[in-house]
Amino acid sequence: MSSLTLTRSLTRSLTRSLTRSLTRSLTRSLTRSLTRSLTRSLTSGTGSEIQKPLATVVVGGLITSTLLTLLIVPAVYGWFEKRNVEVEM
């Protein structure tokens, strides 16, 4: 087995295990934050005119950042890793 193949398999293994642990922790924090922000965005009463738009922005930001972290960043990393392997060959 060449060192390039070993490096590639090690990188894939590390990426998968880190993605799994990152997914768990991000899902927990996202769920907690979304439940708090959604309750603020759905309430009506004194002060809700200010809290509703802010809570909506927070919910959108949480969803966007989580999707970027879990889907886009690993895909881009994999794409760059493939390009680096092709250049080294």
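Checking the stretch 28-45 against the condition returns a match, with at least one residue being within 14 Å of the chain's Cα centre (by Cα) and surrounded by 13 or more Cβ atoms within 10 Å (Cβ to Cβ). Pairs linking a residue in the stretch 64-87 that is at negative phi to a residue that is modelled with pLDDT under 80 and surrounded by fewer than 11 Cβ atoms within 10 Å (Cβ to Cβ), with Cβ atoms under 8 Å and 6 or more positions apart or on different chains, do not occur. Selection of the stretch 40-66 for residues being within 30 Å of Leu10 (Cβ to Cβ) and modelled with pLDDT under 85 yields only Thr66. Selection of first residues in the stretch 30-55 that are aromatic (Phe, Trp, Tyr) and of second residues that are assigned to a helix (DSSP H, G or I) and at pLDDT below 80, restricted to Cβ pairs under 8 Å at least 6 apart or on distinct chains, gives an empty result.
The values are calculated or read from the model by the stated rules, or taken from the named source; none is laboratory data. These numbers were taken from a predicted model, which means no experiment stands behind them. Don't worry about glycine lacking a Cβ; one is built from the backbone with ideal geometry, like all the others, and counts go over all protein chains shown.
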